[in-house]
Amino acid sequence: MPMNLKMKVAAGAVILSCLAATASVYAAITPNKYPLAPIHEAEFYGSPSSSIASAVAMPGDLATFETSGTTPSVINKDGKTVYERYGDTETQGASVLKNIEKQLKEQGLSLKDVTYLRVYIAPDAAKGGKFDFDGWFAAYAKYFNTKDNPTKTARSTVGVAGLVNADWLIEIEAVAAYPSNHNQD
């Protein structure tokens with residue numbers, strides 16, 4: 001039996017009503033994902049005993065500055081070993097953080113404004129091809145969660161097979177938040 005126009009309209013109205021009711025029920029049972037009170041600066045979360053933050057909340061209107069993978073500076077271009085040319089993981093990590101600090105300073109920022117670090121560590125042949133995470137953690141501890149810079153960033157540290165330059169043991173990307181009162185002109 002063919003459906004006439006009135007039946008089609010009625011069936012469409014029933015379907016739309018069901019969809020609207022489903023959306024209303026979903027909205028009623030889904031928790032609000034936005035903070036109850038607005039935030040105006042980056043907020044760091046995590047254990048007070050940890051050297052890093054477990055999360056950082058960023059207000060929607062806060063501008064950020066993100067670096068590309070930053071690499072260590074050469075110590076001695078004529079060095080015969082990786083350590084002579086660039087240093088071990090700790091030395092390279094400190095060098096990278098100094099380079100990031102310079103980039104931040106050009107933007108009117110400092111390491112205190114860093115909210116997140118993504119760190120890539122390559123295996124160290126001098127350590128049996130193992131990742132020197134402790135060397136990286138020691139470099140981090142010189143710049144973050146200190147008396148001069150109490151900031152504890154959110155951070156990911158990833159072991160990778162290699163970096164673009166075989167002498168590099170570490171490469172770091174950083175995200176920094178401009179303070180809300182920062183004039184970007």
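A few notes on this one:
- Which listed pairs, of K77/K102; K80/K130; K105/K142; K102/K130, have C-alpha distances above 26 Å, in listed order: K102/K130
- Taking packing as the residue-averaged number of other Cβ atoms within 10 angstrom, the listed peptides 162-173, 71-82 run from highest to lowest as 162-173, 71-82.
- Total formal charge among the other residues, if their Cβ is under 12 angstrom from that of L111, Lys/Arg +1 and Asp/Glu -1: +3
- Net charge contributed by nearby residues that have their C-beta within less than 13 Å of K77 (K/R +1, D/E -1): -1
- Counting only DSSP beta bridges whose two residues both lie in region 35-175, roughly 65 percent are antiparallel.
- Packing, taken as the mean count of other beta carbons within 10 Å per residue, orders the peptides 140-147, 96-103, 124-131 from highest to lowest as 96-103, 140-147, 124-131.
- Shape of region 31-92, Cα gyration tensor, a/c cut at 1.5: prolate
- Modelled label positions at T146 and V9, each set 7 Å beyond Cα in the direction of Cβ, lie 7.6 nm from each other.
Coordinate-derived values only; no laboratory data. Here the structure is a predicted model, which means the values were calculated and not measured. Glycine gets a Cβ as well: all are built from the backbone with ideal geometry, and neighbour counts include every protein chain shown.
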